[in-house]
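Report on the structure given below.
The values are calculated or read from the model by the stated rules, or taken from the named source; none is laboratory data. These figures come from a predicted structure and were not determined experimentally. Please note: Cβ atoms are built from the backbone with ideal geometry, for glycine as well, and neighbour counts cover all protein chains shown.
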Amino acid sequence: MKKLLTVLTLFLFLNLSVIYGQARPVNFGMKTGINIGKFVPNKNSIDYNYKFGFYAGGFINIALEEKLEFQPELLFALQGSKVLVKGLNIPNFDFNGNPISNSNTYNFEYEVNELTISIPLIVKLFLSNKLYLESGPQIGFIIDRSLNSSQQIINGEYDSFIIRESDDSFDFGISLGFGFNVSERVTLNLRSYNGLIKRDDEIKSFVLNFGIEYNL
């Protein structure tokens, strides 16, 4: 299913680029900005909360009609989620390493950071010369993931660690947003990404991006 989504999306991108790119104005540009994201949905013992990240990359803009544009993008993004695991029972041990009957209950918090290559295939509909709405599919490839925490857990000591995992590395969803052309070269953009597939059989991604585009 994941390979099929990738092939279909890239096929759409290539066909639109070939059909319209030869006869229509084509512009290139760069973009960057900040994002705020989290995993969904929450579970009984786990809450997912927003964390900040950033993104940067480039795009090709192809005019389809007078008020319609096609904009494929290639972005590198650092995003993820804060995670709160509630009600962890951690046993106490004596000096000989034997467990003591009583245990302490903790809430454990950590951050998941995902370095992602994103390929949004965006269609822009202009409501005026400056204001537009946008939507389109987005493919994501997670090339690195780390879990980070620095939290007091046992006997006043702080546990800090970074764990790299090889979980699901493919993501697919829909992007929705709007933008405003400040000038011929500068555009402000607000866009949300909603993941459509469950990664690791339990989570989807939600990311809100705010940034600036510059037409070369």
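Brief remarks on what is shown
- Scanning the stretch 165-212 for residues that are of a type in the set (Asp, Glu) and not in a strand (DSSP E or B), we see that the one that is farthest from Phe126 (Cα to Cα) is Glu165.
- Pairs, first surrounded by fewer than 19 Cβ atoms within 10 Å (Cβ to Cβ) in the stretch 68-89, second part of a strand (DSSP E or B) and among the hydroxyl-bearing types (Ser, Thr, Tyr), C-beta under 6 Å, six or more apart: Gly87/Thr105; Leu88/Tyr106; Asn89/Ser103; Asn89/Thr105
- Test result for Asp200, touching a residue at least 12 places away in the same chain (Cβ under 8 Å), acidic (Asp, Glu) and on the phi > 0 side of the Ramachandran plot: yes
- Only one of the listed residues (Leu5, Leu64, Leu75, Leu14) is in a strand (DSSP E or B) and modelled with pLDDT under 95. That residue is Leu64.
- Residue count, the stretch 167-195 (criterion: more than 19 Å from Lys82 (Cβ to Cβ) and touching a Leu at 6+ places or on another chain (Cβ under 9 Å)): 15
- Of all residues in the stretch 181-203 being crowded, with 16+ Cβ neighbours inside 10 Å and under 17 Å from Leu115 (Cα atoms), the one that is modelled with the highest pLDDT: Tyr193
- In the stretch 17-60, residue farthest from the chain's Cα centre (by Cα) [restricted to those that are modelled with pLDDT under 95 and of a type in the set (A, V, I, L, M)]: Ala23
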